[in-house]
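Written out below as structure tokens is the structure these notes cover.
The values are calculated or read from the model by the stated rules, or taken from the named source; none is laboratory data. Only a predicted model underlies this, so the values are computations on that prediction, with no experimental measurement involved. FYI the Cβ positions are ideal-geometry reconstructions off the backbone, even for glycines, and counts take in every protein chain you see. The area values use the complete protein model at the heavy-atom level, side chains included, leaving out ligands, DNA and RNA. Shrake-Rupley method; radii C 1.70, N 1.55, O 1.52, S 1.80 Å.
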Amino acid sequence: GSKNPDHPCCSSLPPRRCRRRPPAGGAPRPASASSTCVSCSSVGELETSASPRRAGASLPPLGQAKRVVLVRHGQSTWNAEGRIQGSSDASVLTPKGEAQAETSRQMLLSDSFDACFTSPLARSRRTAEIIWEGRDDALIPDSDLREIDLYSFQGLLKHEGKERYGVLYRQWLKNAANFSIDGHYPVRELWDRARSCWERILAHQGKSVLVVAHNAVNQALVATSLGLSVEYFRILLQSNCGVSVLDFTPQACGGHPTVCLNRLNQTPNSPVASGSSGGRKTSKRIILACQGTTQSSSELSLGGMGYAPLNMLGTIQSQKTAELLLDLKVNSILCSPQVAAVDTATAICEVQEAADCLGADCVPRYVEMKNLMELEIDDAFQAKQKSLGEIVQSGWLGSMEYKLLERLWAQSKDAWQALLNELRDDAASDRVVVAVGHPAIHLTLICRCLDLPIEYMSSFHLDDGSISVIDFPDGPKGRGVIRCTNYTAHLGRWSIPITRPTENDEEF
């Protein structure tokens, strides 16, 4: 893009690094035709294809493995008022927001971080101060971590945005990737900023880095690390004080690192209690419940890992998952025919059917439960002799494990369609469907939901006993919105700590 000599940021920065931001404290003045920053607007010419790039493809090479933990700020005054914040700095944390930040501090208390990057905006910086309390190193403010710049929208109540801007406001809600205001493409500019942030975050010498920022920018950080385009905006949710964990592993050849989203949007509150998804009402939901842990192969008298029953920890995990889902009325449960999955599904079903039974004369409600062969997996994946990442990376060798993975991938297409069929395309009724199976099959379903290829299976991580939640605000024929992945907080003292590696935590 060409430079605009009348705009101060264009005199010293290259076009893609233009950082014009609205005045703090409210909506900016609409840009006139003569003052529109051409170089800022040229960000609209950046990549807009929905086709994913390889995870980590836009990231700088790494010399060591690194874990980055993202936290969104707590509830702000403008969140509570339903006001459009953008990068305005006029709102502060509410008492509820302060309490959420304290919960996040407790969640991360035992974790050792080498640094904390934060947005300079008050609501985010205060959240960072609460979480970082008692740690020696100073916070590192980064202006590119500020929330998305929404220009003339900022400061408006949502109904005011609808009344004043009409078609433009509907475009912001329905087609944010191509939304333009005041000569800018906010989401595309945000994606560009997120890529810039990764250069500094990953350049820090620390092995474990905390980042405290905002809803949209955290979405952009997750998406850009995975090589996902602006079309994925509002698909990977970030709730107030939700925690997301990303693991970066250097390549031996010194190229771009591999990236794994260890977990997405671990919230201080229950991930299944809300009936909205990113501010949109939703009545259709799929919950991927990973079966509990099983007895090891050395303990089995029967042939095949598929016959392995739940061990003591697995039984506890299944009961905890059943308790968590009491916040919902489950309509149907589809499970793998393998023993551990059936046992986990049965626990969920029994608790659901007894949930409304408060007296001797009550009639338990019926929850449909059925086996789905497409959710079955090969014993090789249950044995966990190789990680999915190792299997995916060995695909070019035509290894036996990769062929099994391809078979699992092929059957997951039918499994995903079966789940969508269970939701039923009926806008008038709420519908919650639970799928119970091994983490490996659920990884394929997450990729199917996001329309990602098989290579992305190793870009996500799921633990035994975890749940992942997918909402469908536009019904089963619309795009699925990932509310959370690998949620384990419901497991209590038996859960894997939120930011801890899991390689050595397989045993009870």
Could you figure out which of (1) modelled with pLDDT of 95 or more; (2) touching a Lys or Arg at 6+ places or on another chain (Cβ under 9 Å) isn't true of residue 435?
(2)
Pairs, please: C-beta under 6 Å, at least 6 apart or cross-chain, first residue on the phi > 0 side of the Ramachandran plot and open to solvent by less than 30 Å² (accessible area, probe 1.4 Å) and in the stretch 68-95, second among the charged types (D, E, K, R) and not in a loop (DSSP other than H, G, I, E, B)?
82/158
For the subset of the stretch 109-125 comprising residues that are among the aliphatic types (A, V, I, L, M) and over 18 Å from residue 214 (Cβ atoms), which member is most open to solvent (accessible area, probe 1.4 Å)?
109
Going by what's in this entry, would residue 173 be described as of a type in the set (A, V, I, L, M) and within 24 Å of the chain's Cα centre (by Cα)?
yes
Yes or no: the stretch 199-217 includes at least one residue that is crowded, with 20+ Cβ neighbours inside 10 Å and at positive phi.
no
Which one is nearest to residue 248 (Cα to Cα), of the residues in the stretch 463-473 that are of a type outside the set (Gly, Ala, Ser) and touching a Lys or Arg at 6+ places or on another chain (Cβ under 9 Å)?
463
The stretch 380-396, subset out of contact with any Ser or Thr (no Cβ under 9 Å at 6 or more places or on another chain) and open to solvent by 30 Å² or more (accessible area, probe 1.4 Å), residue modelled with the highest pLDDT:
380
Odd one out for residue 206, checked against (1) within 23 Å of the chain's Cα centre (by Cα); (2) over 25 Å from residue 482 (Cα atoms):
(1)
What do you reckon, is residue 442 out of contact with any Lys or Arg (no Cβ under 9 Å at 6 or more places or on another chain), within 21 Å of residue 331 (Cβ to Cβ), at pLDDT 90 or above and surrounded by 24 or more Cβ atoms within 10 Å (Cβ to Cβ)?
yes
Counting only residues that are part of a helix (DSSP H, G or I), of a type outside the set (A, V, I, L, M, F, W, C) and under 30 Å from residue 429 (Cβ atoms), which one in the stretch 281-329 is modelled with the lowest pLDDT?
327
